[in-house]
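Chemist: Could you have a look at this structure, given as structure tokens, before my questions?
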Amino acid sequence: MPYTYDDQNVFAKILRGEIPNDTVLETEHTLAFRDITPQAPVHVLVIPKGSYVTYDHFCAEASAEEIVDFARACSKICSDQGIAADASPGFRALTNAGEHAVQEVPHFHMHILGGRPLGRILSPT
Ligand code: AMP
């Protein structure tokens with residue numbers, strides 16, 4: 001299926017300033033804010049400012065500058081939030097893409113979770 005970006009999704013509205021968010025980091029190409037329904041003491045969503053639907057879309061079509069900016073932002077968030085793997089028991093970074101992963105918001109986002117034991121990522125089916 002082709003990537004079709006819906007500019008009415010909730011993260012597009014956050015990027016346009018139409019709805020509020022709890023920002024933890026903003027860079028030239030990336031915005032990070034707290035998840036509205038946190039699943040752990042630290043639950044941050046990291047999004048590119050560009051219009052990418054999924055992780056694979058972002059990796060295929062974003063510029064090198066956008067990709068590096070995004071990756072460095074993720075690292076800085078882990079440090080700033082006290083969950084970096086060299087200084088704490090660690091964190092989980094995950095992204096859902098499409099129907100099988102139950103992606104709710106069709107703007108690429110990385111969940112960064114930490115601050116408690118998180119269990120295994122998947123249960124056997
Ligand atoms: P996903 O299922 O991976 O698409 O996750 C979407 C995430 O976005 C969920 O964890 C929601 O709690 C979160 N979310 C939805 N709306 C907002 C919002 N306005 N501000 C912050 N997080 C949101």
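Chemist: Work out from phi, with θ = phi - 60° and the Karplus expression 6.51 cos²θ - 1.76 cosθ + 1.60, the ³J(HN,Hα) of each residue of region 99-104, listed in order in whole Hz, and give x for Gly and Pro.
Modeler: 5, 5, 8, 6, 6, 8
Chemist: Next question. At a 1.4 Å probe radius, carbon and sulfur cover how many percent of the accessible area of the chain?
Modeler: Values: 4140 of 7700 Å².
Result for the chain: 54 percent of the exposed heavy-atom area is carbon or sulfur.
Chemist: Now, a different point. With a ≥ b ≥ c the root eigenvalues of the C-alpha gyration tensor of region 10-114, is it rounded (a/c under 1.5), prolate (a/b larger than b/c) or oblate?
Modeler: In terms of gyration-tensor shape, rounded.
Chemist: Here's a follow-up. Is it possible to state the helix-based mean residue ellipticity at 222 nm for the chain, with each DSSP H run of 4+ residues giving -39500 (n - 2.57), the sum divided by total residues, to the nearest 500 deg cm²/dmol? What is it?
Modeler: Helix contribution divided over all residues of the chain: -7000 deg cm²/dmol.
Chemist: On to the next question. Using a Gaussian network model of the chain with C-alpha springs under 10 Å, which one of ASP56, ASP86, ASP22 is most mobile by mean-square fluctuation?
Modeler: Maximum among the listed residues: ASP86.
Chemist: Would you give the gap between the C-alpha center of region 62-125 and the C-alpha center of region 8-32, rounded to a whole Å?
Modeler: That distance is 17 Å.
Chemist: Next question. What is the set of long-range amide H partners of LYS49 at a cut-off below 5 Å, with H atoms built 1.01 Å from backbone N?
Modeler: Residues meeting the amide H criterion: THR30, LEU31.
Chemist: Separate question: Could you run the Karplus curve 6.51 cos²θ - 1.76 cosθ + 1.60 with θ = phi - 60° over region 14-28 and give me ³J(HN,Hα) per residue in whole Hz, x for Gly and Pro?
Modeler: Once θ is set to phi - 60°, the couplings for region 14-28 become 4, 4, 7, x, 7, 9, x, 8, 9, 5, 10, 7, 9, 10, 4 Hz.
Chemist: Report the accessible area of ILE83, computed with a 1.4 Å probe over the heavy atoms of all protein chains in place, in Å² rounded to the nearest 10.
Modeler: Estimated to the nearest 10 Å², ILE83 gives 10 Å².
Chemist: Still on this structure, please answer the following. Rank THR54, THR30, THR95 by mean-square fluctuation in a GNM of the chain with C-alpha springs under 10 angstrom and give only the top-ranked residue.
Modeler: With Cα springs under 10 Å in the chain, the top fluctuation among THR54, THR30, THR95 is at THR95.
Chemist: Quick one: helix 64-80 against the long Cα principal axis of the chain, what's the angle to the nearest 10°, folded into 0 to 90?
Modeler: 30 degrees
The values are calculated or read from the model by the stated rules, or taken from the named source; none is laboratory data. Predicted model, so just to flag it, every value in this text is computed and none were measured. Please note that ligands, DNA and RNA were not included when accessible areas were found on the heavy atoms of the full protein model with its side chains. Shrake-Rupley method; radii C 1.70, N 1.55, O 1.52, S 1.80 Å.
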